[in-house]
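Report on the structure given below.
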Amino acid sequence: MRLNDLDERIVHALAEDARRSYADIGAEVGLSAPAVKRRVDRLRESGAITGFTVRVDPGALGWETEGYIELYCRSNTSPEAIERGLEHYPEIVSASTVTGEADAIVQVFASDMRHFERVLERIAGEPFVERTKSVLVLSPLLRRYSSGPSA
């Protein structure tokens, strides 16, 4: 479903702060609070909005080390097999198939360097993984949680 301009503006407002009132969002986009609520309900029903969440500083949860692991998989490994192999790692916050030499890239949060190393070793030991390449984040420079560029 492609969003129209008004729905996109509502989604951007919610992505910045999902706790904003419908009245506040309505004032920003030129609608009444009930009209915003109807649109949000429709966006939820259509699957355009998949849920509401909270953003937490990983460090507050004890996750002080962040890194990315490129996965190079054995031939004929499906994206579904990669997903099944990775879904039980609580340290993995995102995983995607990618273009280029690697088959997938995984974002990992760990409590410290040793913990990251243990996670890396466990992932490298998965039957579908041929080899890995990892990088550690020194300083996150930019994190966006919105739904993309605003209109």
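The values are calculated or read from the model by the stated rules, or taken from the named source; none is laboratory data. Please read all numbers here as calculations on a predicted model, not as lab measurements. Positions of Cβ are backbone-derived with ideal geometry, glycine not excepted, and every protein chain shown enters the neighbour counts. Ligands, DNA and RNA are excluded from the accessible area calculation, which covers all protein heavy atoms including side chains. Shrake-Rupley method; radii C 1.70, N 1.55, O 1.52, S 1.80 Å.
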**Q.** Residues of the chain: accessible area per residue with a 1.4 Å probe, Å²
**A.** 65 Å²
Q: With a Förster radius of 41 Å, plug the Cβ-Cβ distance of ARG122 and GLU45 into 1/(1 + (r/R0)^6) and report the FRET value to the nearest 0.05.
A: 0.55
(Q) Once you keep just the Cα pairs under 8 angstrom separated by 6 or more residues, what percentage relative contact order results for the range 1-92? (A) 17 percent
(Q) Run the numbers for GLU80 and ASP112: contour at 0.36 nm per residue of separation, minus the present Cα-Cα distance, in nm. (A) 8.6 nm
Q | Charge dipole (debye, nearest 20) of the range 5-46; +1 at Cβ of Lys and Arg, -1 at Cβ of Asp and Glu | A | 200 debye
Q) Using 0.36 nm per residue, how much length does the chain from ARG2 to ALA18 gain when fully extended, once their Cα-Cα distance is taken away? A) 3.7 nm
Q. Using the scaling law 2.2 N^0.38 Å as the reference, what is the normalised Cα Rg of the chain?
A. 1.31
**Q.** Heavy-atom accessible surface of the chain: percent carbon and sulfur, 1.4 Å
**A.** 50 percent
Q. What share of all Cα pairs of the range 1-76, in percent, falls into each consecutive 5 Å distance bin?
A. 3, 13, 20, 16, 10, 8, 11, 11, 5, 3, 1
Q) Of all the Cα-Cα pairs you can form in the range 58-137, what percent are over 20 Å apart? A) 25 percent
